[in-house]
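Notes for the one structure printed next.
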Amino acid sequence: MLSRYSKMAVLFAGAVALAAASTTSVLAQTYPTHPIKIVIGFGPGSAADILARLVGKRMEVSLGQPFIVENRPGNSSMIAADSVARATADGYTLFMATIANTLNPAETKSNFNLAKDLAPIALLGIVPNLLVAHPSVPAINLRELIALAKSKPEGLTFGSSGYATASFMAAELFNAQAGTKIPIVPYQGGSNQAVSDLLAGRITLMFNVAATLAPHVEAGKLKAFAVAQSKRASIAPNVPTLAEAGMAGFDAGIWIGLLAPAGTPPEIVEKLSGAANDAVNNEEVRSALKQQGTDPVGGTPKEFADFIRADIEKWTAMLASPGPGK
């Protein structure tokens, strides 16, 4: 039997827990009462920055408080991610994550874990990657490209914006699923030099942001084979997905989503998720995002959490496997 003091301790602990739950409930009901900050790991003008400003402006209407965007670039967005993970879990400091935050820890064996250290709010958008080739490549569709890669692999080269970046990993995934061994050249300092070399014919293939490549395709300077995501891209509606072109299940789009520090009260996460979904479903916001080359998505916190876990597992397995880019 419990002693008198033990019973009092149990009752006290229960009272403290009840008081804490009541306080959390009151905070969630009144939230938000002051401005909310969205931290981004890339500079102004990036896809994540543009999305944050468009969606944040609309979320102000739903929640009645200003949304402030803070750019903290560095270490493939991990500096920004870590700063938000260590912030107070009260819903006033949020993080705009991208595929970089699942690729970087998988590649560096970082202690940071997006699935554990941050609380998913909503997957907001996908920036489609386009598979393109220099016009000199003698293939007119995906089937012919794969056949060419298997018969004359020395004649093809993927360019990428750096090791373990989205363009690099899309090329790795292509090789793995197609059974090809096309070499991957990681360019330092982003994709600009790789695109320049692709246009000049010094490399022959590349996965890169559709908004960047579409004008070159329209001008006949590059030819597009497919979109590297599960759905067609709004900015290139006539280009089939890799799945439609014959590579089932291929998905390597650049995703962008909103998260809060782990431990943020579920009621606040749900309130933020509702506002974020209202924003990406707003016709004015959707139109603006599509013009910038981002396809709006939306969804629940659980759906986003499942998406993040699957993405981490996919890229961790891909980086652990041998391939021509390693």
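The values are calculated or read from the model by the stated rules, or taken from the named source; none is laboratory data. Computed from a predicted structure; not experimentally measured. Every residue, glycine as well, gets a Cβ built from its backbone with ideal geometry; the counts of neighbours run over all protein chains shown. Accessible surface is based on the protein model in full, side chains and every heavy atom, while ligands, DNA and RNA are left aside. Shrake-Rupley method; radii C 1.70, N 1.55, O 1.52, S 1.80 Å.
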Calculated [θ] (222 nm, deg cm²/dmol) that DSSP helices of n ≥ 4 give over the chain, each run adding -39,500 (n - 2.57) = -14500 deg cm²/dmol
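So in region 116-214, what percent of DSSP beta bridges are antiparallel if you round to the nearest 5?
Values: 5 of 10 bridges.
DSSP beta bridges in region 116-214 are roughly 50 percent antiparallel.
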When the accessible area of the chain is computed with all protein chains present and a 1.4 Å probe, what percentage of it is carbon and sulfur?
-> 56 percent
Computed over the chain: longest principal axis from alpha-carbon atoms vs helix 47-63 long axis, angle to nearest 10 degrees, is 30 degrees
Sorting Val55, Val209 on solvent-accessible surface, 1.4 Å probe, most exposed first, gives Val209, Val55
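Could you sort the peptides 112-123, 238-249 by per-residue average Cβ neighbour count (10 Å cutoff), highest mean leading?
Details: 112-123: 21.5, 238-249: 16.4.
Packing proxy ranking, top to bottom: 112-123, 238-249.
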Expressed in angstrom, Rg and Dmax over the Cα atoms of region 208-326 are 17.1, 52
By DSSP, what percent of the beta bridges with both residues in the chain are antiparallel, rounded to the nearest 5?
-> 60 percent
Fully extended, how many nm does the chain gain between Lys152 and Glu267 (0.36 nm per residue separation, minus their Cα-Cα distance)?
-> 35.7 nm
